[in-house]
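The values are calculated or read from the model by the stated rules, or taken from the named source; none is laboratory data. Just so we're clear, the structure is a prediction, and the values are computed from it rather than from any experiment. For neighbour counting, all protein chains shown are included, and Cβ atoms are generated from backbone atoms with ideal geometry for every residue, glycine included.
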Amino acid sequence: MDFFSFLNFGLLDFIEIILVAVLLYYVYKLVKGTAAINIFVGIVIIFVIWKITEALEMKVLSNIFGGFIQGGIIALFIVFQQEIRKFLLMVGSTNFATKRSFVKHFKFLKQEINTDTDVEAIITACTKMSSTKTGAIIVIERNNSLDFVKNSGDKMGMDVNVPTLESIFFKNSPLHDGAIIIEGNRVTATRVILPVSKETMIPQRFGLRHRAAVGITEKTDALVLVVSEETGQISYIRDGEFVLYQDVDKLQEMIQNDLS
């Protein structure tokens, strides 16, 4: 057997490599920014070493790494249960009715998420609503589709700006109840009902808005801003967790980084 014979591959092998690369890239996008990213990188490294030792016919090392990979499948499902749930939810909520919506669900193939969102306008509106203790919950879509929750509200098509956001959450506005969905730089839905988190570790001082914000970020990679109606505090929730920040400038920078 020739030492370099494992390098010979055909068209199907090339296609398989491309598909595996796309799959790994998408998994990376799912776990990016979470604690699971270090575990994911470690698994990829071990898998690559396993395949190298297998190709070089280093049987002892190959069996060790192979046993680790094969025996750890159940553990992986436990560790990545939240990310797997996000992936299955995205696939299950995919609408293939139109070409436009079909392409939208493959946004992860782009180098970056749409960064046209006017984050400064969102933060300014939240700051103003905070000063008047006007309750608000703003959901910013990233890779995962939010169609499964958008359908619970009213469809909209308004540009993101300070007056628009303030008018939506104005206490006497018929649109203020529920969340809004922002895609790119457009408000695409209002009065949206979000899934409420059942996490028991959320402090009692946080109400239904915050639980709904945690709930949608547990199931998708969306970013959520919540303005408390009781205290006026602005909360930032990502990946099912409250994210601490020093001031609104740092918050704006943090969101822009999360959208890039």
Is region 160-177 home to any residue that is farther than 23 Å from Ser260 by Cα, under 17 Å from the mean Cα position of the chain (by Cα), at pLDDT below 90 and polar (S, T, N, Q)? no
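Hey, could you check region 130-149 for residues that are part of a loop (DSSP other than H, G, I, E, B) and modelled with pLDDT of 85 or more and say which is farthest from Thr217 (Cα to Cα)?
So the residue we want is Thr132.
Does any residue of region 219-228 turn out to be without any contact (Cβ under 8 Å) to a residue 60 or more places away in the chain and assigned by TED's automatic domain parsing to the domain that holds Gly135? Walk me through it before giving the result.
As a first pass, look at region 219-228 and keep what is without any contact (Cβ under 8 Å) to a residue 60 or more places away in the chain: none.
Scanning region 219-228, I find no residue that is without any contact (Cβ under 8 Å) to a residue 60 or more places away in the chain and assigned by TED's automatic domain parsing to the domain that holds Gly135, so the answer is no.
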In contact with a Pro (Cβ under 9 Å, 6 or more places away or on another chain) and either of a type in the set (Asp, Glu) or on the phi < 0 side of the Ramachandran plot (or both) - does that describe any residue in region 125-133? yes
Within region 237-255, considering residues that are over 14 Å from the mean Cα position of the chain (by Cα) and under 15 Å from Ile122 (Cα atoms), the one surrounded by the most Cβ atoms within 10 Å (Cβ to Cβ): Leu251
Filtering region 19-63 down to residues that are in a loop (DSSP other than H, G, I, E, B) and at pLDDT 80 or above, which residue is surrounded by the most Cβ atoms within 10 Å (Cβ to Cβ)? Met58
Restricted to region 98-129, and to residues that are in contact with a Gly (Cβ under 9 Å, 6 or more places away or on another chain), at pLDDT 50 or above and under 14 Å from Leu259 (Cβ atoms), which residue is surrounded by the fewest Cβ atoms within 10 Å (Cβ to Cβ)? Asp116
Only residues in region 144-157 that are within 21 Å of Asp239 (Cβ to Cβ) count as the first member; pair them with residues that are part of a helix (DSSP H, G or I) and modelled with pLDDT of 85 or more, Cβ under 9 angstrom, at least 6 apart or cross-chain, and list the lot. Leu146/Ile216; Val149/Ile216
Residue check, Ser173 small (Gly, Ala, Ser), surrounded by fewer than 19 Cβ atoms within 10 Å (Cβ to Cβ) and under 22 Å from Lys128 (Cα atoms): yes
Within region 216-236, considering residues that are touching a Lys or Arg at 6+ places or on another chain (Cβ under 8 Å) and of a type in the set (Gly, Ala, Ser), the one surrounded by the fewest Cβ atoms within 10 Å (Cβ to Cβ): Gly232
